[in-house]
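S.K.: Handing you this structure, nothing more for now.
The values are calculated or read from the model by the stated rules, or taken from the named source; none is laboratory data. Keep in mind the model is a prediction, meaning the values are calculated, not measured. Note: ideal-geometry Cβ built from the backbone for every residue, glycine included; neighbour counts use all protein chains shown. Protein only, heavy atoms only, side chains kept; ligands, DNA and RNA dropped before computing areas. Shrake-Rupley method; radii C 1.70, N 1.55, O 1.52, S 1.80 Å.
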Amino acid sequence: MLVLVAPGQGAQTPGFLTPWLDLPGAAERVAAWSEAIGLDLAHYGTKAGAEEIRDTAVAQPLLVAAGILSATALGDIRPGAVAGHSVGEITAAALSGVLDDTAALTLVRKRGLAMAEAAAITATGMSALLGGDPEVSVAHLEKLGLTPANVNGAGQIVAAGTLEQLAALNEDKPEGVRKIVPLQVAGAFHTHHMAPAVDKLAEAARALTPADPAVPYVSNKDGQTVATGDEVVSRLVGQVANPVRWDLCMETFKAMGVTALLEVCPGGTLTGLAKRALPGVRTLALKTPDDLDAARELIAAATEAAADAAGA
């Protein structure tokens, strides 16, 4: 079974959209999306520097646009499930048919603006903890007033809170944690610091007319599949101020019998986690269009294996 996944904020790098705009029709699609949301996606994806695309209001729509663009380039595929990490859940909502492309880009633009505004209230950030026992790390974070905002599995937890709290964490690591890595994000996402953004996103969501997922949609909230479009959108709203449980998503993939995992552009983060947490599962990250042929081969192999299993 093939799972199609979409990365979250922090995966973007300067110029990462450049080669994708050379694909037939891609520049036109991106131009139409840019006009719809009032943001020059082509500029930010090709010419802007690291600090410019670190801006939450820019990074989030840029990631969703890149994810949709790269998935579309694969052709008509039907994965066994879709999921996204944090803002990648909006990409997954588009890939599963819950939202059309323009609705997904419009929603993520409003999400990014609302979260950037919330992040400006207090100086906050996020840092990844590598290694250690999850229970020990979570208890230690709570002692420091930090939130385990992303429980990613594969020995990785992301702490979020004020810059002072994160500085204290650097001086007092949980037992067993080998490294702490500051993330290139502009706020303490998926914590109470994002509460002001929830109401604004809920208001934006009321204008949507979501369809039910055409393929199983696995939610960050609890790793469970969601059957209706209304529930997907409801979870997208609440998830802004609640932890991402990617560890539970990967447990669901495993229970579903995943054999291959494909990460849309800008891929790399989620395939890295899968390599450690899902041994034996074939993984591939779409970084540039040069990866498309290998991705199609992976899809074909997974489709053939699924057909053989069904006929056995």
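S.K.: Near the amide H of GLY153, under 5 Å away, which other amide H atoms are found, from residues 5 or more places off or on another chain, if H is placed in the peptide plane?
M.R.: ASP247
S.K.: Taking the stretch 180-247, which trypsin sites (Lys or Arg not before Pro) meet the DSSP loop condition and have no more than 12 other C-beta atoms within 10 Å? The partial results should precede the final answer.
M.R.: On the way: sites: LYS200, ARG206, LYS221, ARG235, ARG245; in loops: ARG206, LYS221, ARG245.
Those satisfying the criteria are ARG206.
S.K.: How large, in percent, is the carbon and sulfur part of the accessible surface of the stretch 131-193 at a probe radius of 1.4 Å?
M.R.: Ligands and nucleic acids excluded, carbon and sulfur give 53 percent.
S.K.: Throw me the Rg/Rh for the stretch 134-235, computed over C-alpha atoms with Kirkwood Rh, two decimals.
M.R.: Rg/Rh for the stretch 134-235 comes to 1.06.
S.K.: Given the pairs LYS179/LYS221; LYS143/LYS275; LYS47/LYS110, which are separated by over 29 angstrom at their Cα positions?
M.R.: On the way: LYS179/LYS221 26 Å; LYS143/LYS275 31 Å; LYS47/LYS110 23 Å.
Table pairs above 29 Å Cα-Cα are LYS143/LYS275.
S.K.: Would you mind computing the Rg to Rh ratio of the stretch 87-175 from its alpha-carbon coordinates, Kirkwood style for Rh?
M.R.: Result for the stretch 87-175 is an Rg/Rh of 1.09.
S.K.: Out of every Cα-Cα pair in the stretch 103-143, what percent are more than 17 Å apart?
M.R.: 56
S.K.: Just reorder TYR44, TYR217 by solvent-accessible area, largest first, 1.4 Å probe, all chains present.
M.R.: Ranked list, largest accessible area first: TYR44, TYR217.
S.K.: I've got another one for you. Please report how far the C-alpha centroid of the stretch 57-85 lies from that of the stretch 173-220, rounded to the nearest whole angstrom.
M.R.: Using only Cα atoms to place each centre, the spacing works out to 17 Å.
S.K.: Normalise the Cα radius of gyration of the stretch 33-101 by 2.2 N^0.38 Å (N = residues in it) and let me know the number. Intermediate values should be presented prior to the final figure.
M.R.: Values: Rg = 12.7 Å, N = 69, 2.2 N^0.38 = 11.0 Å.
That works out to 1.15 for the stretch 33-101.
S.K.: Okay, next question. Roll a 1.4 Å probe over the protein chains and send me the accessible area per residue for the chain in Å². Intermediate results must be reported in sequence, preceding the final value.
M.R.: Working: 12950 Å² over 312 residues.
Value for the chain: 42 Å² per residue.
S.K.: Calculate one ³J(HN,Hα) per residue across the stretch 32-49 by plugging θ = phi - 60° into the Karplus curve 6.51 cos²θ - 1.76 cosθ + 1.60, and present them in order as whole Hz with x for glycine and proline.
M.R.: 5, 4, 4, 5, 5, 10, x, 8, 7, 4, 4, 4, 5, x, 10, 10, 6, x
S.K.: Leaving ligands, DNA and RNA out of it, report the carbon-plus-sulfur percent of the accessible area of the stretch 252-312 at a 1.4 Å probe. Spell out each step's value before the answer.
M.R.: Numbers: 1630 of 3030 Å².
Heavy-atom surface of the stretch 252-312 belonging to carbon and sulfur, 1.4 Å probe: 54 percent.
S.K.: Give me the distance in nm between label points sitting 7 Å out from Cα along the Cα-to-Cβ direction at VAL136 and GLU175, one decimal.
M.R.: It is 0.5 nm.
S.K.: How far apart, in nanometres, would the label points at ALA32 and GLU231 be if each is projected 7 angstrom from Cα along the Cα-to-Cβ direction?
M.R.: 3.2
S.K.: From the alpha carbon gyration tensor of the stretch 1-118, can you work out the equivalent ellipsoid semi-axes (sqrt of 5 times each eigenvalue) and give them in Å, largest to smallest?
M.R.: Working from the Cα gyration tensor, I get semi-axes of 21, 17, 13 Å.
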